[in-house]
Amino acid sequence: MKISTNKIKSNSSKFNYHYWNYSSDKLNNSIKYSGINNPIVLLQNQKELIPIHGFRRLEIAKKLNISDIPVKIFTDENNLENLFMESVIENTINNELNIYEKCKIIQILNNYLPDYNKNYWQKTLEIPLNEKNEKIINSILQFPKEWIEFFIEKNVPLKRIKTFTKIDNLELLTKLLPLNISLNRMEQMFQFLFEISQRDEITVKSILDIVNFEPILMDSTIEKQDTIKILYDRIYNLRYPLQSKYLEIVEKKVKELKINNNIKIQYDKTFERSGINFILNIKNKNDLQKSIEWLKNNTNKITNITKK
Amino acid sequence: MINPKIENIFVDEDLKSKEICKNYQTKFPKAKLIPITSEEKDEVLKKVSKTKNNILITEAKGDIFKPCPGTDESHICCQYWVINQVWNCPLNCTYCILQYYLKSPMIITYINYEKIKAEITKKLNSEPDRFFRIGTGELGDSLVYDNLNKSAEEFIEYFVNKNNAIFELKTKSDNVDHLLKKEHNGKVVISWSLNPSEVIMNEEPLSAKLNERLAGVKKVQDVGYKLGFHFDPIIFYDNWKEGYSTLIKKLFKVAKPENIAWISMGSLRFPPETKDKITDKFPKTKIVYSEMFRGKDNKSRYFKPLRTEMYQHIYYELCKYGGENLFVYFCMEDKDVWQQVMGFAPQNNMHLDFLFAEYLYNKFPKMNIPKPIFKNYQEFITE
């Protein structure tokens, strides 16, 4: 049967789990030229028609001013879980669900279908539906839209999202998003901020004040990549103050060595492995003699580098 | 010490009339005694809720007597031997790897002592020129339930006449009264894991308080047991220097240096993947937020200059209050740390094993230890 889109409760997004793809060109073109082939699934709830499956088709139809669309109307609320499952399976087959949409599905199940068959859904969504995961899922869904978009863009797996859920107040940190920071770096910064706040019993906001977060972000004279590096280094130094202090001293001593161009120095920055590696680039006898000469002249300074 | 509780006592059907079951039932009258046959054992235990309030009394099938696993070759290990007769511990210290490492949180006690003793005898007889240090505190606390298990007494009786071995009981409890009248012939070391009071309060809250542990030290010293102390894990916190100084000062008000067999030092370390597990289980602990990095053995350890400084301080205090004739060693540290703290490093694991034997031979002549010969120790292989 066909009905007008006006008769469908347009503001009911109870069962909608899509975060994006509303403007999917492929679907848009298909509907534009061939109309809607698969009926939209609706639930008759008293006098209202609530959409369960076909949100994107419905949205595109409205945009294209298609007035009458094919629908299937169900009245039995007991059948709701199966109807919802059909929608999810269709999207899963088409491989269109990202992890955040899957989370949203679990949230819908918890909110509107609390007696859902966990084993059945677990297999469909490929996420273990245990208490721990549900806790993470609920916290993911508290994230502002910009962050969800960041997670989708970086394809962050559920396991790695945990670090981001550790910090409550994201207002300031949201300003990092336009800097196009890699997932690893962002994750490390969150982890460090969380750990500093726990260790020193201070808020993340205070830590950001200490590292001069906002002024650095606002400084238009600093290049984007440098901004990230400066902020990361400052947060790292707060997280590992002793190591940073040691590194500073060692780096100063290394600089004082006045190294020849053909010599590179490497050392373990955690100081776990003692000793310093000198990589000598030797092309001829002269290089070799110079390097040996340099090492001889600097023996004392070299042995002093990693000494306290 | 806060007394842990046992709710279910699972026991092999044919062991249900053993004294140990009666001991547990008397101590925990509300606990259920549940005999299980070998056929139903796996199925029953699978369904049991995962808690340390359950105990399983059973017989070991595989080997129980093993070399201490130590860590990889980049570190010096002391060639200790362990009797894994008790698995798991009810004390729930925040840093304890057992709660993340052992698959079953249930406490398991193996009571087929004759089999275990036969394993030990075989090893002791196979290397009569070597001196073995053997203990039960690797996978659980040696004494926390020992007044019920009575296993320490079994092993003490066994070691009384062994000349090439010394037996160690390691604990964080004060549960020693049942051992005070036991004949031990000087062949037993009772040792305590020690930390400053503030660390005990935050990270070891169910174990005996420092003064309770020290009261235990006094009791066993008075009846002639040898003493051991393990500063392990050494924990970094704001006032660590004062904390460890106070602890060592208090320790030597009770412990006489001439009764001390050995003292170990080891700083906090854990596999990096354990970090999240610790914070999940103990959200209030701050131990994982110190400056720790992956060491050569892939375990997270304190920043090397920091832990070296901590060791130097503790070693200095130990010598200051306990004198210079103490045997202090590191558990799982590299030669570099040995060198920086003690001014020397054992050549390898067997050299350290030899140094133990040599020290005990000279310090405790009444033990009748065979004179250790360095050359022999280079030939022993611990597998």
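Annotations
- Inter-chain shielding of A:272-285 (mean C-beta neighbours from other protein chains, 10 Å cut-off): 2
- Using equal-weight Cα scatterers in the Debye expression, the normalised intensity of chain B in log10 at q = 0.08, 0.12, 0.14 Å⁻¹ is -0.40, -0.96, -1.34.
- Evaluated at q = 0.21, 0.27 Å⁻¹: base-10 log I(q)/I(0), Debye formula over Cα of the range B:112-185: -0.98, -1.40
- Pairs from B:Lys150/B:Lys218; B:Lys181/B:Lys226; A:Lys123/A:Lys159; B:Lys32/B:Lys117 whose Cα-Cα separation, in the structure shown, is over 26 Å: B:Lys32/B:Lys117
- Neighbours of B:Met265 by Cβ distance under 14 Å: Lys/Arg scored +1, Asp/Glu scored -1, total -2.
- For the range B:257-383, the C-alpha radius of gyration sits at 1.27 times the compact-globule guess of 2.2 N^0.38 Å, with N the residue count.
- Per residue of B:311-321, other chain Cβ atoms within 10 Å of the residue Cβ number 0 on average.
- For chain A, convex hull of alpha carbons as volume per residue, Å³: 228 Å³
- Other-chain or far-sequence residues with amide H under 5 Å of A:Lys72's (modelled H): A:Ile40, A:Val41, A:Leu42
- Considering only beta bridges that DSSP places wholly inside the protein assembly as shown, some 35 percent are antiparallel.
- Antiparallel DSSP beta bridges within chain B, percent to nearest 5: 20 percent
- Normalised contact order of the range B:205-339, rounded percent, pairs of Cα under 8 Å and 6 or more residues apart: 29 percent
- Size of charge dipole - chain A - debye, nearest 20, with Cβ of Lys, Arg +1 and Asp, Glu -1, no other charges: 1220 debye
- The range B:1-58 - charge dipole about Cα centre, Lys and Arg +1 at Cβ, Asp and Glu -1, debye rounded to 20: 440 debye
- Mean residue ellipticity (222 nm) of chain A, computed from DSSP H runs ≥ 4 via -39,500 (n - 2.57), nearest 500: -16000 deg cm²/dmol
- The orientation-averaged projected area of the convex hull spanned by the Cα atoms of the range B:55-115 comes to 5.3 nm².
- Applying a 4.7 Å Cβ-Cβ cutoff to chain B leaves B:Cys21, B:Cys68, B:Cys77, B:Cys78, B:Cys89, B:Cys319, B:Cys331 as cysteine residues with no disulfide-compatible partner.
- Check: the protein assembly as shown dipole with +1 on Lys, Arg Cβ and -1 on Asp, Glu Cβ, in debye: 960 debye
- Taking 0.890 mPa s as the viscosity and 25 °C as the temperature, the Stokes-Einstein diffusion coefficient of the range A:260-304 based on its alpha-carbon Kirkwood radius rounds to 213 µm²/s.
- Restricting the range A:1-105 to chymotrypsin sites (Phe, Trp or Tyr not before Pro) in coil, as DSSP defines it, with at most 14 other Cβ within 10 Å: A:Trp20, A:Tyr22
- The range B:10-165 - percent relative contact order, Cα under 8 Å, separation 6 or more: 25 percent
- Rg over Rh [alpha-carbon atoms, Kirkwood Rh] for the range B:1-83: 1.10
- Once C-alpha pairs closer than 8 Å and six or more residues apart are averaged by separation and normalised to the residue number of chain A, the relative contact order reads 11 percent.
- Amide H contacts under 5 Å for B:Glu333, placed H, 5+ residues apart: B:Ile76
- Residues in the range B:237-274 that a label on B:Lys66 would reach, taking backbone N under 19 Å of a point 7 Å out along Cα→Cβ: B:270-271
- Expressed as a fraction of 2.2 N^0.38 Å, the C-alpha radius of gyration for the range A:166-239 is 1.01.
- Ellipsoid semi-axes for the protein assembly as shown, based on the Cα gyration tensor and the rule √(5λ), read 58, 39, 21 Å when sorted largest first.
- Projecting the Cα atoms of B:Thr71, B:Leu102, B:Gly224 onto the charge dipole of chain B (Cβ charges, centred on the Cα centre) puts B:Gly224 farthest toward the positive pole.
- Once both labels are positioned 7 Å from their Cα atoms along Cα-to-Cβ, the gap between B:Gln347 and B:Glu212 label points is 4.6 nm.
- Mean Kyte hydropathy of -1.0 or more with a Cα span along the axis of at least 15 Å, helices from DSSP in chain A: A:80-93, A:99-112, A:183-200, A:224-239, A:241-256
- Per-selection metrics, the range A:1-75 (Cα): Rg and Dmax in Å: 11.7, 35
- Restricting the chymotrypsin sites (Phe, Trp or Tyr not before Pro) of the range B:274-365 to loop positions (DSSP other than H, G, I, E, B) with no more than 13 neighbouring Cβ atoms within 10 Å leaves B:Phe344.
- Simple rule: put +1 on each Lys or Arg Cβ and -1 on each Asp or Glu Cβ in the range B:1-58, find the dipole, and look at B:Leu15, B:Thr26, B:Leu56; the Cα lying farthest toward the positive end is B:Thr26.
- DSSP-loop GluC sites (Glu not before Pro) across the range B:228-335, with at most 15 other Cβ within 10 angstrom: B:Glu273, B:Glu324
Every number here is computed from the coordinates shown, using simple stated rules; none is lab data. If you're wondering where the values come from, they're calculated on a predicted model, not measured in any experiment. Heads up, the Cβs are rebuilt from the backbone with ideal geometry, glycines too, and the neighbour counts pull from every protein chain shown.
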